[in-house]
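Bear in mind these aren't lab numbers, they're just calculated from the coordinates by the rules spelled out. Here the structure is a predicted model, which is why all the values come from computation and not from measurement. Positions of Cβ are backbone-derived with ideal geometry, glycine not excepted, and every protein chain shown enters the neighbour counts.
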Amino acid sequence: MIYRERHCPQEALKCRVPAPYGYRNPFPWPASRDRAWFANVPHRELTVEKAVQNWIRSDGDRFIFPGGGTTFPNGAQAYIEDIGKLINLKDGSLRTALDTGCGVASWGAYLLSRDIVTMSIAPRDTHEAQVQFALERGVPAFIGILATKRLPFPSRAFDISHCSRCLIPWAQYDGIFLNEVDRVLRPGGYWILSGPPINWKKYWKGWQRKKKDLQEEQTKIENVAKSLCWNKLIEKDDIAIWQKPKNHFHCKPTQHRSFCTAVAQNHPDKAWYTDMETCLTPLPQVSSKQETAGGLLDNWPKRFKSIPPRIYQATIQGITPETYSENSDMWNKRISYYKTLNNQLGTGRYRNLLDMNAYLGGFAAALIQDPVWVMNVVPVQAKVNTLGVIYERGFIGIYHDWCEAMSTYPRTYDLIHADSLFSLYSNRCELEDIMLEMDRILRPEGCVIIRDDVDILVKVKSIVNGLEWDSIIVDHEDGPLVREKLLFAVKKYWTAPAASDKTD
């Protein structure tokens, strides 16, 4: 599957991507969970291919999402209730989830009502535009695949990892893909598997597989899980759940799964074009078998306010509990100011938000009461790697290099926020290329908020004018004497012409 991984063009493309003819603003959340305009994602392939599995159906000028999936045709809600009978989904101990091979992300969409936020990933493959459908629904998602490179997440990020017939060969290649799940799974976290080979005794005929092959496949998965020191919690009907240990106090390396050595290029949080390995990522050391490696997290919603373990354990240089608290207070003040300048922020007009230089996730935290989700990006060029802190707060995000295109479709976000981003990249690549990428992933009539030094903003404003966005530079929230200014911009509505209007 290496051919489905990130491959960037040799030269940046100096062009804009028009919205399809007839594009309309998406339905507001929560209505968007269940419907989308056909004109916005004009692909009918899945309505035919997955018709009997209730993924998606076409209804006139819109798509309807019944909430089904390949292994839960009765709906994600019923499937999640079955999971909830096996592990506690209600007490706030589980907040962040990863759905590999997500389809149209119905699992993640329905988990949101339980205050569990899911990073849904799938490749761009024969299931045309599955991730684009997820984003159109207002559900967190991006294009990703388990192939040769680590997923762009820090270690110990997710409380749950889930695979519902995601077609990933978990037992092959010395279990390298489960090994990667172990890296990003939090101590005590769960791996949930449904679909082949689980419950093979009942489904082997329907899967058109031999009993012996399915039994052997499950045995191999069980063996990989044991080599990771996971405990099989339960297998009931169509669902199997394993649990990662809270620490590696009693975890013994095996012949096929030794601990990774502590070298710079193999740091557990390094995950940008970093090769996956089959060695076991060691958890932070503990003094007893009852202790949770890396520190115990508070339950949600207390989690987003409390001091993250990576900070109170002083594992991130230069960030103390005091600076963290000051940062949180600062962002509450900034968001209040933003809302005085953009009266649509917080009203439900915006759903999918992107913070291009998220630092500690203060922007997302200050918006916690609004009906939005935020993709927090920590640039690989940032002075400190803070993405682990963002996950410990109960938010989601990725690593990215903004000199390259983001792994997402056009028209992903309603609002894009960039704090000191252009200063960070001013000598690394063309600011125009970053602005073109922002234009690509911003929806028509979407908003951009850029804060930076005034000299940088003047340069950015000239590019914004070239994109024909409506824009204005305003003073800092602390007044006109501060060199840092804010640029507010709105992308104009424009689409490709109708098919009959197109010419050679």
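Quick query: amide H of Ala141 versus all other amide H atoms, modeled in the peptide plane; which residues come in under 5 Å with a sequence gap of 5 or more or a different chain?
Result for Ala141 returns Ser120.
Tabulate in residue order the Karplus-calculated ³J(HN,Hα) for the range 436-453, using 6.51 cos²θ - 1.76 cosθ + 1.60 with θ = phi - 60°, rounded to whole Hz; enter x for Gly and Pro.
5, 5, 4, 5, 5, 8, 8, 6, x, 6, x, 10, 10, 10, 10, 10, 6, 4
For the residue pair Lys289 and Lys302, what label-to-label distance in nm results when each label sits 7 Å from Cα along the Cα-to-beta-carbon direction?
Between Lys289 and Lys302, the label points sit 2.8 nm apart.
Kindly write out, for the range 351-365 in residue order, the coupling ³J(HN,Hα) from the Karplus curve 6.51 cos²θ - 1.76 cosθ + 1.60 (θ = phi - 60°), rounded to whole Hz, with x marking Gly and Pro.
Whole-Hz 3J(HN,Hα) from phi for the range 351-365: 10, 8, 10, 10, 10, 6, 8, 7, 6, 9, x, x, 4, 5, 5.
Would you calculate the separation in nanometres between label points at Lys210 and Asp59, each defined as 7 Å from the Cα along the Cα-to-beta-carbon direction?
4.6 nm
Would you kindly calculate the mean projected area, averaged across all directions, of the convex hull enclosing the Cα atoms of the range 226-366, in square nanometres?
13.1 nm²
Could you pull out every residue, at least 5 positions away or on a different chain, whose amide H is within less than 5 Å of the one on Arg411? Hs are placed 1.01 Å off N in the peptide plane, and Pro or chain starts have none.
Those qualifying (amide H under 5 Å, at least 5 residues apart or on another chain) are Ile441, Leu442.
List the residues whose amide H sits under 5 Å from the amide H of Leu185, counting only those 5 or more places along or on another chain, with H placed 1.01 Å from N in the peptide plane.
Distant-sequence amide H within range of Leu185: Arg156, Ala157, Phe158.
Can you give the FRET efficiency for Glu430 and Ser113, using 1/(1 + (r/R0)^6), R0 = 30 Å, r = Cβ-Cβ distance, to the nearest 0.05?
So the FRET efficiency works out to roughly 0.10.
At each listed q (0.17, 0.19, 0.30 Å⁻¹), what is the log10 of I(q)/I(0) that the Debye formula gives for the range 322-368 modelled as equal alpha-carbon point scatterers?
-0.50, -0.62, -1.22
Between [x] 24.5; [y] 21.7; [z] 29.0, which matches mean projected area of the Cα convex hull in nm² calculated for the structure shown?
[x]
With bins 5 Å wide starting at 0, give me the P(r) of the range 302-501 over every alpha carbon pair, in whole percents.
1, 7, 15, 20, 21, 17, 11, 5, 2, 1, 0, 0, 0
Which aspartates and glutamates have a Cα lying under 14 Å from the Cα of Lys270, excluding residues fewer than 8 positions away in the same chain?
Output for Lys270: Glu180, Asp401.
Equivalent ellipsoid semi-axes for the range 304-401, as square roots of 5 times the alpha carbon gyration tensor eigenvalues: give them largest first, rounded to whole Å.
23, 15, 11
State which entries of Lys226/Lys246; Lys333/Lys383; Lys459/Lys491; Lys149/Lys220 exceed 21 angstrom in Cα-Cα distance in the structure shown.
Violating the 21 Å limit, Cα to Cα: Lys333/Lys383; Lys149/Lys220.
Considering only Met435, Ala418, Ile473, whose Cα is most displaced toward the positive end of the charge dipole of the range 302-501, charges sitting on Cβ of Lys, Arg (+1) and Asp, Glu (-1)?
The one lying farthest along the dipole's positive direction is Ala418.
Enumerate cysteines in the chain without a disulfide-compatible partner, where compatibility requires another Cys Cβ under 4.7 angstrom.
Among the cysteines of the chain, those whose Cβ sits 4.7 Å or more from every other are Cys8, Cys15, Cys102, Cys447.
Using the Cα centre of the chain as origin and beta-carbon charges of +1 (Lys, Arg) and -1 (Asp, Glu), tell me which of Phe142, Tyr391, Trp230 is placed farthest towards the positive end of the dipole.
It is Trp230, whose Cα lies furthest towards the positive end.
Suppose each label sits 7 Å from its Cα in the direction of the beta carbon; what would the Asp453-Ala314 distance come out to in nanometres?
Result: 3.2 nm between the two label points.
How high is the FRET efficiency from Glu45 to Lys85, r the C-beta distance, R0 35 Å, rounded to 0.05?
0.50
On C-alpha positions alone, give me the angle between the axis of helix 211-227 and the longest principal axis of the chain, in degrees, nearest 10.
Roughly 70 degrees, rounded to the nearest 10.
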